[in-house]
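Novice: Following this message is one structure expressed as structure tokens.
The values are calculated or read from the model by the stated rules, or taken from the named source; none is laboratory data. Computed from a predicted structure; not experimentally measured. All Cβ positions, even for glycine, are placed from backbone atoms using ideal geometry, and neighbour counts span all protein chains on display.
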Amino acid sequence: LKPGGKLLVLEFSKPWEPLRGAYDLYSFQVLPRLGKLVAGDAQSYQYLAESIRMHPDQETLAGMMREAGFGHVDWHNLTAGVVALHIGQKF
């Protein structure tokens, strides 16, 4: 990325606290069962839920971007934090 260029990262993130229990129930119980029913593959959807859980939260990812040399770093929650858009400018 050239100096002055913008980086936008749209990624699964950590949902707002009041929704985390329901989101975890959906991610770890419902989604793998739907994956098995629709695609014949529960394991891929279980892996997806596990990998999302391991992803850094919004503040941590913003800090990682700053450490990597990005400025004007900001993030915006979408869908109650299930997804977040991170924005940074390369200096």
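Novice: When Pro15 is evaluated against the numbered criteria (1) within 19 Å of the chain's Cα centre (by Cα); (2) assigned to a helix (DSSP H, G or I), which criterion, by number, is the only one it fails?
Specialist: Answer for Pro15: the failing condition is (2).
Novice: Out of region 28-46, which residues are surrounded by 11 or more Cβ atoms within 10 Å (Cβ to Cβ) and of a type in the set (A, V, I, L, M)?
Specialist: If the condition is that a residue be surrounded by 11 or more Cβ atoms within 10 Å (Cβ to Cβ) and of a type in the set (A, V, I, L, M), then Val30, Leu31, Leu34, Ala42 are the ones that fit.
Novice: Could you go through region 47-66 and let me know if any residue there is surrounded by 12 or more Cβ atoms within 10 Å (Cβ to Cβ), over 30 Å from Phe91 (Cα atoms) and more than 13 Å from the chain's Cα centre (by Cα).
Specialist: There is at least one residue in region 47-66 that is surrounded by 12 or more Cβ atoms within 10 Å (Cβ to Cβ), over 30 Å from Phe91 (Cα atoms) and more than 13 Å from the chain's Cα centre (by Cα).
Novice: Right, another one. Go over the candidates Leu1, Leu25 one by one and state the one that is modelled with pLDDT of 95 or more, of a type outside the set (D, E, K, R) and surrounded by 11 or more Cβ atoms within 10 Å (Cβ to Cβ).
Specialist: The match here is Leu25.
Novice: Take the conditions surrounded by 12 or more Cβ atoms within 10 Å (Cβ to Cβ) and touching an Asp or Glu at 6+ places or on another chain (Cβ under 8 Å) and apply them to Val83. Does it pass?
Specialist: yes
Novice: Among residues belonging to region 7-22 that are under 11 Å from Val82 (Cα atoms) and free of Cβ contacts under 8 Å to residues at least 40 places away in the same chain, point out the one that is surrounded by the fewest Cβ atoms within 10 Å (Cβ to Cβ).
Specialist: Glu17
Novice: May I ask you to list the residues in region 1-50 that are within 30 Å of Ala68 (Cβ to Cβ) and of a type in the set (Lys, Arg)?
Specialist: Lys2, Lys6, Lys14, Arg20
Novice: Please state which of the following conditions Gly4 fails to meet, knowing it meets all the rest: (1) touching a residue at least 12 places away in the same chain (Cβ under 8 Å); (2) outside any loop (DSSP other than H, G, I, E, B); (3) not hydroxyl-bearing (Ser, Thr, Tyr).
Specialist: Status for Gly4: all satisfied but (2).
Novice: Give me the pairs: first residue in region 30-45 and farther than 21 Å from Phe12 by Cα, second residue among the aliphatic types (A, V, I, L, M) and at pLDDT 95 or above, beta-carbon distance under 6 Å, and six or more apart or on different chains, which are they?
Specialist: Lys36/Ala42
Novice: I've got another one for you. Report, ordered by the first and then the second residue, all pairs with beta carbons closer than 6 Å, sequence separation of six or more or different chains, a first member in region 66-91 that is at positive phi, and a second member that is at pLDDT 95 or above and part of a helix (DSSP H, G or I).
Specialist: Qualifying pairs under 6 Å: Ala80/Leu19.
Novice: Pairs, please: C-beta under 6 Å, at least 6 apart or cross-chain, first residue under 17 Å from Leu85 (Cα atoms) and in region 48-65, second in a loop (DSSP other than H, G, I, E, B)?
Specialist: Sorted first by the residue in region 48-65, then by its partner, the pairs are Asp57/Lys14; Gln58/Ser13.
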